[in-house]
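This report concerns only the one structure given below.
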Amino acid sequence: MKENIFPAIKITFIALLFFSGIYTLIVLGIAQFVPNKGEGTVIKENGKTYYSNVGQKFTDDKYFWSRPSAVDYNAASAGASNKGPTNPEYLAQVQARIDTFLKHNPGVKKEDIPSDLVTASGSGLDPHISVQAADIQIDRIAKIRGIAAANIKQLVLSNTERPLLGFLGTERINVLKLNLALDNLK
């Protein structure tokens with residue numbers, strides 16, 4: 001029994017030391033080489049401070065809507081709902097989001113709504129939407145703001161982030177940056 005306990009204690013101590021100290025310092029060191037030194041991307045606009053890497057809640061019709069959040073955009077409690085795709089409560093939530101979107105976007109068909117506008121991300125804090133999710137909202141925003149849809153479409157195109165290295169991931173749009181640019185559009 002002694003020959004099993006002491007090696008187990010040693011391995012536990014080594015793992016504890018490595019993962020709580022050495023590994024943490026390695027990650028902190030790597031973070032010093034990225035923008036903002038791992039602090040997140042801060043945007044200061046009109047006296048307010050925003051973190052562009054954390055989803056923000058936009059539900060006003062004059063803005064592009066964000067991806068829904070299972071944690072109500074609370075960065076302190078990031079997470080998903082953990083409800084499966086056949087869960088009746090989850091399906092009712094998604095249907096309510098679809099109904100709300102259709103009410104605020106007349107002329108849009110249910111089958112044309114991109115899934116990222118009615119389903120929450122795994123973290124509940126995704127700051128991005130797809131280009132399709134932005135495009136489907138252009139008419140509503142143009143009508144409310146009295147701006148030509150073509151001008152808003154150009155704004156969407158100029159705020160589209162390309163895939164990493166040209167092929168890793170998909171095109172996406174940071175909703176906060178897009179909405180701040182929309183507010184500055186004359």
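Figures for the structure shown
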{"item": "Some residue of segment 34-52 being among the charged types (D, E, K, R) and in a loop (DSSP other than H, G, I, E, B)", "result": "yes"}
{"item": "Selected residue [surrounded by fewer than 19 Cβ atoms within 10 Å (Cβ to Cβ) and not small (Gly, Ala, Ser)] from Ile113, Ile152", "result": "Ile113"}
{"item": "Considering residues of segment 22-58 that are of a type in the set (Gly, Ala, Ser) and out of contact with any Gly (no Cβ under 7 Å at 6 or more places or on another chain) only, the residue farthest from Asn159 (Cα to Cα)", "result": "Gly29"}
{"item": "The lone exception for Pro7 - which of (1) out of contact with any His (no Cβ under 7 Å at 6 or more places or on another chain); (2) in the same structural domain as Ile147 (by TED's automatic domain parsing) it fails", "result": "(2)"}
{"item": "Qualifying positions in segment 116-171 - more than 24 Å from Leu102 (Cα to Cα) and of a type in the set (Val, Ile, Thr)", "result": "Thr160, Thr170"}
{"item": "Residue in segment 24-44 that is surrounded by 12 or more Cβ atoms within 10 Å (Cβ to Cβ), of a type in the set (D, E, K, R) and closer than 27 Å to Ala134 by Cβ present", "result": "no"}
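The values are calculated or read from the model by the stated rules, or taken from the named source; none is laboratory data. Note that the structure is a prediction, hence the values are computed from the model and not measured. So basically every Cβ, Gly included, is an ideal-geometry build from the backbone, and we count neighbours across all protein chains shown.
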